[in-house]
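Asks: Sharing a structure with you now.
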């Protein structure tokens, strides 16, 4: 195949992407496997759209996550202080291997399974609060607080100290162009919070993940101070952010496919397979984290120069008809194994088993509690986070199907 380097850059239409990202990515995928684009953030990048290419690129050691390998004058990205920037999403081996090995001890199947009952209790408590009303916003009242509670319990953050993490995340992932200072304030708030939290854990360690990581830092000296702080930031930030949207998007998908929802209600044993299909069909991460080639690389005949930014479109790959039959159809009986919503290769999501468990429990508990759950607005009225890199609802208004009389008689 002849190697080419496309000269034309395509401006990604922000409005079209917000309205229907899958239609936009389908146009790119059908037009070709690799495109030079200007993203909605104004940054140049190379967009990879087809499943086989995306999967292979996710595991390609020549594609670096380290921003120091970005070409001069190219990628700008999120500006974080060194104390938050030395995290796994910006690292390559050997540092990535060393730090991932340390934190992976907290995410073994056995340890994750121990969280099942606490997650169920938290879900039930949140649903108890929702059940007193006929209407609810399932993002604010359920999809967000559930994973935030889980990750704070894992890190050992006391309930009284659980601040507005979600507002910080929103400011970083989907910054408001009219108020750029909010992102800077969010960074400052997170840094101050984590600095104090780590200091408290050093003084009075408890049986939690953060105390264990501090012990590794202080006793074995295998994490430096920036790595410790950055790891705490990543676990807190990534540990709940994607799960919020995985749950929210899943609920919306089920409500928009009542036949599939009815089948799932009739046979809850299909929940695990359904979650895999939900992650494929409308996952929380349309684009994998950016990568920078450490040498010129060729993908499907297109040569991408060293240091330029590569965006791997999971959203496009998941709707690739060469990998998934009738990919635009949602089908809980589909074999969706091989989806890339949780990554692939050495950067596969450490918290994938936890995210799966949380989503399965959250959906099962919700569907069991509210058999008459419906959307409270038309789908066209729903608002999505204004981000090219994150797919999540700002709110999910629903009618619970409960009545004031029923609530009074509970």
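Asks: Can you tell me which of 307, 345 is touching a residue at least 24 places away in the same chain (Cβ under 8 Å) and either over 23 Å from the mean Cα position of the chain (by Cα) or crowded, with 16+ Cβ neighbours inside 10 Å (or both)?
Replies: 307
Asks: Only one of these conditions is not met by residue 139: (1) out of contact with any strand residue (DSSP E or B) (no Cβ under 6 Å at 6 or more places or on another chain); (2) surrounded by 20 or more Cβ atoms within 10 Å (Cβ to Cβ); (3) in contact (Cβ under 8 Å) with a residue 40 or more places away in the chain; (4) within 20 Å of residue 246 (Cα to Cα). Which number is it?
Replies: Status for residue 139: all satisfied but (1).
Asks: Sticking with this structure for a sec: Please return the ranges of helices (runs of 4 or more DSSP H) entirely within the stretch 148-265 where 1 or more residues are over 28 Å from residue 108 (Cα atoms).
Replies: Fully inside the stretch 148-265 and qualifying: 165-173, 181-203, 225-255.
Asks: Answer yes or no: is there a residue in the stretch 352-369 that is outside any helix (DSSP H, G or I), out of contact with any strand residue (DSSP E or B) (no Cβ under 6 Å at 6 or more places or on another chain) and touching a residue at least 12 places away in the same chain (Cβ under 8 Å).
Replies: Looking through the stretch 352-369, none of the residues is outside any helix (DSSP H, G or I), out of contact with any strand residue (DSSP E or B) (no Cβ under 6 Å at 6 or more places or on another chain) and touching a residue at least 12 places away in the same chain (Cβ under 8 Å).
Asks: Determine whether the stretch 20-27 contains at least one residue that is closer than 19 Å to residue 318 by Cβ and in contact with a strand residue (DSSP E or B) (Cβ under 9 Å, 6 or more places away or on another chain).
Replies: Yes: one or more hits.
Asks: Looking only at the stretch 65-91, how many residues end up being touching a strand residue (DSSP E or B) at 6+ places or on another chain (Cβ under 8 Å), at pLDDT 80 or above and assigned to a loop (DSSP other than H, G, I, E, B)?
Replies: Of the residues in the stretch 65-91, the ones touching a strand residue (DSSP E or B) at 6+ places or on another chain (Cβ under 8 Å) are 65-67, 69-71, 74-75.
Add one more test, that the residue is at pLDDT 80 or above, and what stays is 65-67, 69-71.
Now restrict to residues that are assigned to a loop (DSSP other than H, G, I, E, B): 65-66, 70-71.
So the answer is 4.
Asks: Working only within the stretch 36-60, note down all residues that are without any contact (Cβ under 8 Å) to a residue 60 or more places away in the chain, part of a loop (DSSP other than H, G, I, E, B) and either crowded, with 20+ Cβ neighbours inside 10 Å or on the phi < 0 side of the Ramachandran plot (or both).
Replies: Hits for the stretch 36-60: nothing passes.
Asks: Can you pull out every residue in the stretch 105-143 that is out of contact with any helix residue (DSSP H, G or I) (no Cβ under 9 Å at 6 or more places or on another chain), under 29 Å from residue 212 (Cα atoms) and not in a helix (DSSP H, G or I)?
Replies: Answer for the stretch 105-143, where residues must be out of contact with any helix residue (DSSP H, G or I) (no Cβ under 9 Å at 6 or more places or on another chain), under 29 Å from residue 212 (Cα atoms) and not in a helix (DSSP H, G or I): just 114.
Asks: Let me ask you something else. Among the numbered criteria (1) more than 24 Å from residue 239 (Cα to Cα); (2) under 21 Å from the mean Cα position of the chain (by Cα), which one does residue 70 miss?
Replies: (2)
Asks: Then there's this: Residues in the stretch 9-35 that are under 23 Å from residue 298 (Cβ atoms) and in a strand (DSSP E or B): how many?
Replies: Count: 3.
Asks: Somewhere in the stretch 154-161, is a residue under 28 Å from residue 374 (Cα atoms), in contact with a helix residue (DSSP H, G or I) (Cβ under 9 Å, 6 or more places away or on another chain) and surrounded by fewer than 17 Cβ atoms within 10 Å (Cβ to Cβ)?
Replies: no
The values are calculated or read from the model by the stated rules, or taken from the named source; none is laboratory data. Please read these numbers as outputs of a predicted model, since none were measured by experiment. No Cβ is skipped: glycine too gets one built from the backbone with ideal geometry, and neighbour counts run over all protein chains shown.
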